[in-house]
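The values are calculated or read from the model by the stated rules, or taken from the named source; none is laboratory data. In this text the structure is predicted, and so the values were computed from the model without any measurement. Glycine also receives a Cβ, built like all others from the backbone with ideal geometry; neighbour counts cover every protein chain displayed. Only protein heavy atoms, including side chains, enter the accessible area calculation; ligands, DNA and RNA are left aside. Shrake-Rupley method; radii C 1.70, N 1.55, O 1.52, S 1.80 Å.
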Amino acid sequence: MRRITQQALSLLGSISLALSAHGIAQAAQDSVKVGMMLPYSGTYADLGNNIDQGFQLYIDEQGGTLDGVKIEYVRLDDESNPSKGPENANRLVNRDKVDVMVGTVHSGVAMAMAKVANDTDTLLIIPNAGAMAITGPLCSNNIFRSSFSNWQPGYAMGKVAADKFGHKTAVTVTWKYAAGDESVQGFTEGFEEGGGKVVRNLTVPFPDVEFQALLTEIASLKPDAVYTFFAGGGAVKFVLDYAAAGLKDNISLYGAGFITDGTLQAQGKAAEGLYTTLHYADDLDLAKDKSFREAYEKKFNRAPDVYSVQGYDAAQMLHAGLKEAKGDFSNRDAVVKGMSSATYDSPRGKLTLSPSHNPVHDLYLRKVENGINAYQGVAVAQLGDPARGCRLK
Ligand code: PHB
């Protein structure tokens with residue numbers, strides 16, 4: 001009798017062990033819900049869509065799962081409206097119960113997302129917005145960026161404008177918000193290190209595209225060069241207006257590469273010959289980029305741009321985290337370790353993250369030639385962000 005009881009108990013024990021093993025596997029989540037908070041409307045709509053598509057491409061290449069974990073999506077149009085940022089991000093976390101937020105394009109909206117991510121201890125991957133504070137004073141274990149800080153392309157362009165092109169004076173023109181201000185800050189540092197002088201900073205409110213008054217002022221200031229930060233619909237309009245005002249052949253126009261990325265079809269001849277700096281170009285001689293471009297064009301019927309790459313890499317980052325955690329998303333320490341320590345095979349080239357979780361990558365000089373951003377060389381190799389104020393590690 002006693003033997004039978006012991007046998008029965010041990011059988012029960014193995015059944016419950018098997019059950020709990022199964023239970024643990026279930027508790028370890030067989031799916032991860034990704035909250036895509038992006039601009040699907042407005043001046044940055046194309047940017048948001050391309051990020052989304054890049055992200056999808058990577059996930060689909062993995063068969064819809066990362067390390068056995070199924071990826072589910074919730075999408076929210078943030079309209080690039082910073083005043084709605086806190087409410088939108090809170091809705092994703094508290095109502096939709098997403099596991100990770102991916103977003104966004106606009107720095108002001110991303111600041112709100114970073115705050116919600118920190119308050120609720122939610123993982124956040126930023127696939128564009130370059131707000132320096134996010135990988136500076138607000139840097140955090142659970143926040144990652146797959147794109148750039150606003151300072152990086154600006155700094156590289158400033159160096160090139162002074163060192164390679166020998167310009168001495170420049171005027172800057174941008175939207176008046178964090179991205180523009182910080183891009184100009186980067187340019188000014190690079191340009192003035194090379195002996196140049198920024199003589200005037202011109203701005204318009206975001207997302208205004210009334211540039212006439214600024215163009216008149218540029219014409220009267222007659223600097224050697226103009227540096228711009230505009231993107232999306234605003235970038236298209238600025239380049240067209242600059243050429244139409246007759247300035248293009250007289251005062252060299254440069255920019256953070258967003259001024260000509262994803263915009264060239266609409267800009268046409270007005271963009272030909274423009275030099276910009278960015279962590280991507282349309283004809284990089286890299287096997288990874290070639291296969292990426294081919295797969296993207298096949299899937300979406302159009303060419304990718306820098307935003308598509310940043311979306312793709314955001315998905316690669318999530319994958320690196322899940323790999324390290326062996327598919328257990330709840331093991332946050334392992335997820336963070338995997339994401340921060342990986343070397344990514346990005347279509348842009350080798351990509352690693354700094355201790356503040358911001359990309360360290362090559363900044364390329366590009367020139368618009370025959371409707372593409374053609375690679376001209378490396379402007380600054382493996383450039384990181386100064387990450388001023390980040391006390392993470
Ligand atoms: C930003 O707001 O940080 C931003 C927006 C669009 C870009 C780049 C940066 O293309």
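Does Ala266 qualify as being out of contact with any strand residue (DSSP E or B) (no Cβ under 8 Å at 6 or more places or on another chain), in a helix (DSSP H, G or I) and closer than 28 Å to Ser220 by Cβ? So Ala266 fails the test. Within region 77-87, the residues that satisfy the criterion of being surrounded by 14 or more Cβ atoms within 10 Å (Cβ to Cβ) and either of a type in the set (Ser, Thr, Tyr) or farther than 29 Å from Ala303 by Cβ (or both) are Ser80, Pro82, Lys84, Gly85, Pro86. No other residue among Thr104, Thr122, Thr135 is among the polar types (S, T, N, Q) and free of Cβ contacts under 8 Å to residues at least 60 places away in the same chain apart from Thr122.
A count restricted to region 37-76 and to residues that are touching a strand residue (DSSP E or B) at 6+ places or on another chain (Cβ under 7 Å), within 16 Å of the ligand (Cβ to nearest atom) and open to solvent by 50 Å² or more (accessible area, probe 1.4 Å) stands at 1.
Scanning region 205-228 for residues that are under 23 Å from the mean Cα position of the chain (by Cα) and not in a loop (DSSP other than H, G, I, E, B) turns up Tyr227, Thr228.
Scanning region 164-176 for residues that are away from the ligand (no atom under 14 Å from the Cβ) and either in contact (Cβ under 8 Å) with a residue 40 or more places away in the chain or not assigned by TED's automatic domain parsing to the domain that holds Asn250 (or both) returns Lys164, Phe165, His167, Lys168, Thr169, Ala170, Val171, Thr172, Val173. With respect to the stated conditions, Ala270 fails to be in contact with a helix residue (DSSP H, G or I) (Cβ under 7 Å, 6 or more places away or on another chain) and either in contact (Cβ under 8 Å) with a residue 40 or more places away in the chain or within 15 Å of the ligand (Cβ to nearest atom) (or both).
Taking the criterion of being farther than 24 Å from Phe206 by Cα and either part of a loop (DSSP other than H, G, I, E, B) or over 14 Å from the mean Cα position of the chain (by Cα) (or both), the residues of region 93-111 that qualify are Val93, Asn94, Arg95, Asp96, Lys97, Val98, Asp99, Val100. Give the residue, chosen from Ala156, Ala231, Ala161, Ala179, that is within 16 Å of the ligand (Cβ to nearest atom), under 25 Å from the mean Cα position of the chain (by Cα) and over 28 Å from Glu79 (Cβ atoms). The unique qualifying residue is Ala156. Tell me, yes or no, whether region 334-344 has at least one residue that is within 16 Å of Gly257 (Cα to Cα) and hydroxyl-bearing (Ser, Thr, Tyr). Within region 334-344, none of the residues are within 16 Å of Gly257 (Cα to Cα) and hydroxyl-bearing (Ser, Thr, Tyr). Can you tell me which residue within region 182-214, out of those that are farther than 23 Å from Arg388 by Cβ and among the aromatic types (Phe, Trp, Tyr), is nearest to the ligand (Cβ to nearest atom)? Checking each candidate, the answer is Phe206.
Here Phe187 meets each of (1) in a loop (DSSP other than H, G, I, E, B); (2) surrounded by 24 or more Cβ atoms within 10 Å (Cβ to Cβ) with one exception, condition (1).
Each residue in region 372-393 was checked for being buried (at least 17 other Cβ atoms within 10 Å of the Cβ), more than 14 Å from Thr277 (Cα to Cα) and not charged (D, E, K, R), and 4 pass. For region 128-153, the set of residues classified as within 16 Å of the ligand (Cβ to nearest atom) and of a type in the set (S, T, N, Q) consists of Asn128, Thr135, Ser146, Ser147, Ser149, Asn150, Gln152, listed by residue number. A single entry from Asn90, Asn128 fulfils the requirement of being assigned to a helix (DSSP H, G or I) and either open to solvent by 10 Å² or more (accessible area, probe 1.4 Å) or not basic (Lys, Arg) (or both): Asn90.
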